[in-house]
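Colleague: Just dropping this structure here.
The values are calculated or read from the model by the stated rules, or taken from the named source; none is laboratory data. Owing to the predicted nature of the structure, the values given are computational and were not obtained by experimental measurement. Ideal geometry is used to build each Cβ from the backbone, glycine not excepted, and the neighbour counts take in all protein chains shown. Protein only, heavy atoms only, side chains kept; ligands, DNA and RNA dropped before computing areas. Shrake-Rupley method; radii C 1.70, N 1.55, O 1.52, S 1.80 Å.
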Amino acid sequence: MAPIKTQWTRLIRFVAAETGLVHLGEPVERNLDVGVAAYDKKPIKAYEILGSALDPAAQVTQTVLTVKELLAPLSREEVKLVRCLGLNYADHAAEAKLAKPAAPVLFYKPATSIVGPLAPISLPKCAQPVDKHLTDYEVELVIVIGKAAKNVSEADALDYVLAYTGGNDVSFRTHQFATSQWGFSKSFDDTNPLGPCLVSAAKFPDPQTVGLRTVLNGQIMQNGTTADQIFTVRQTIAYLSQSTTLLPGSIIMTGTPAGVGFVKNPPVVLKHGDDCRVWVGAGIGTCINTVVEEGKGGVKAKL
């Protein structure tokens with residue numbers, strides 16, 4: 001198999017000021033953190049991309065559009081399935097006082113959990129008060145599968161990756177630890193920021209050298225690297241594709257490093273009004289999200 005090659009290096013999805021419609025684009029400024037720029041309301045220009053984000057043949061044009069509203073780089077309709085790894089960092093396992101798993105710990109979440117890089121993170125009524133339910137942040141590198149993958153070898157695994165992006169797997173620990181199955185606690189609507197952009201796998205560095213950071217209300221909470229993953233990106237794709245087809249548009253959240261809130265003394269929890277920022281390196285950038293308790297604020301999620 002050959003690696004997937006795209007015309008674009010970085011892809012964003014946005015509402016354009018010129019048309020009021022949703023477009024895809026390649027940021028004109030190559031090193032711009034589009035998540036920070038959008039939050040700061042700085043002008044973002046992008047070359048329009050014609051086609052689907054999941055189509056490697058999508059064409060980058062010379063038409064320049066202005067970003068009015070930055071959205072998640074993939075729509076909920078494009079995300080075929082969200083697979084997530086738990087306890088996939090050695091330092092995180094150590095801080096949680098849990099043994100390293102012998103195989104990847106897998107759980108799923110629905111596409112309805114996905115929101116964009118500037119959308120509010122919703123704290124649902126069933127997880128209020130937040131102190132009792134230990135609402136937590138988790139910065140993660142996210143794999144975007146670009147072609148159907150089944151029974152893939154570790155050697156060939158990266159050939160099936162279209163792109164990488166970032167995510168924040170917001171977790172509700174009381175619900176999570178009430179059962180051995182984490183799906184319910186990880187699936188609440190509008191709780192999983194994704195983005196701010198896709199970085200083409202063809203232009204991505206070694207996925208085991210990517211920096212990860214969470215900043216909560218200006219304070220660094222997590223500051224790690226994918227080098228500490230227990231199961232690498234190659235191993236993860238090979239394992240999950242055993243007798244199971246990973247369809248194009250499937251995303252895989254690869255776990256979080258040390259520094260999560262529930263293990264701190266006293267625990268740090270996400271609460272109404274918090275500014276939560278997760279940054280992923282290698283050109284992906286920052287998701288900046290305000291935390292809103294359901295029933296307060298009434299802010300609509302930006303998808």
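Colleague: Going through ARG277, ARG234, ARG213 one at a time, which residue ends up being charged (D, E, K, R), over 14 Å from the mean Cα position of the chain (by Cα) and outside any loop (DSSP other than H, G, I, E, B)?
Modeller: After applying the criteria, what remains is ARG234.
Colleague: Let me ask something else about it. When residues of the range 237-257 are filtered for being within 17 Å of the chain's Cα centre (by Cα) and open to solvent by less than 30 Å² (accessible area, probe 1.4 Å), how many remain?
Modeller: 10
Colleague: Another question about this same structure. For the range 12-32, how many residues meet the condition of being open to solvent by less than 40 Å² (accessible area, probe 1.4 Å) and either under 24 Å from LEU247 (Cα atoms) or among the charged types (D, E, K, R) (or both)?
Modeller: Of the residues in the range 12-32, 6 are open to solvent by less than 40 Å² (accessible area, probe 1.4 Å) and either under 24 Å from LEU247 (Cα atoms) or among the charged types (D, E, K, R) (or both).
Colleague: Right, another one. Test SER52 against the stated conditions and say whether it is small (Gly, Ala, Ser), under 15 Å from the mean Cα position of the chain (by Cα) and either within 23 Å of LEU162 (Cα to Cα) or assigned to a loop (DSSP other than H, G, I, E, B) (or both).
Modeller: No, not satisfied.
Colleague: Just checking, how many residues over the range 160-202 are out of contact with any Lys or Arg (no Cβ under 8 Å at 6 or more places or on another chain), in contact (Cβ under 8 Å) with a residue 60 or more places away in the chain and open to solvent by 10 Å² or more (accessible area, probe 1.4 Å)?
Modeller: Qualifying residue count for the region: 6.
Colleague: To continue, here is another question. Outside any loop (DSSP other than H, G, I, E, B), in contact (Cβ under 8 Å) with a residue 60 or more places away in the chain and farther than 20 Å from ILE251 by Cβ: which single residue out of ALA46, ALA37, ALA93 fits that description?
Modeller: Result of the check over ALA46, ALA37, ALA93: ALA93.
Colleague: With the requirement that a residue be outside any loop (DSSP other than H, G, I, E, B), open to solvent by 20 Å² or more (accessible area, probe 1.4 Å) and touching a helix residue (DSSP H, G or I) at 6+ places or on another chain (Cβ under 7 Å), what does the range 60-86 give you?
Modeller: Once the filter is applied, which keeps residues that are outside any loop (DSSP other than H, G, I, E, B), open to solvent by 20 Å² or more (accessible area, probe 1.4 Å) and touching a helix residue (DSSP H, G or I) at 6+ places or on another chain (Cβ under 7 Å), the range 60-86 yields only VAL67.
Colleague: So, one more: List every residue pair whose Cβ atoms lie under 6 Å apart, where the two residues are 6 or more positions apart in sequence or sit on different chains, the first residue falls within the range 96-107 and is closer than 20 Å to ILE252 by Cα, and the second residue, located anywhere, is open to solvent by less than 40 Å² (accessible area, probe 1.4 Å) and in a strand (DSSP E or B).
Modeller: Short answer, once both residue conditions are applied: PRO104/LEU85; VAL105/GLY86; PHE107/CYS84.
Colleague: Do the conditions hold for ALA57, that is, is it over 27 Å from GLN222 (Cα atoms), hydrophobic (A, V, I, L, M, F, W, C) and surrounded by fewer than 19 Cβ atoms within 10 Å (Cβ to Cβ)?
Modeller: The answer is yes for ALA57.
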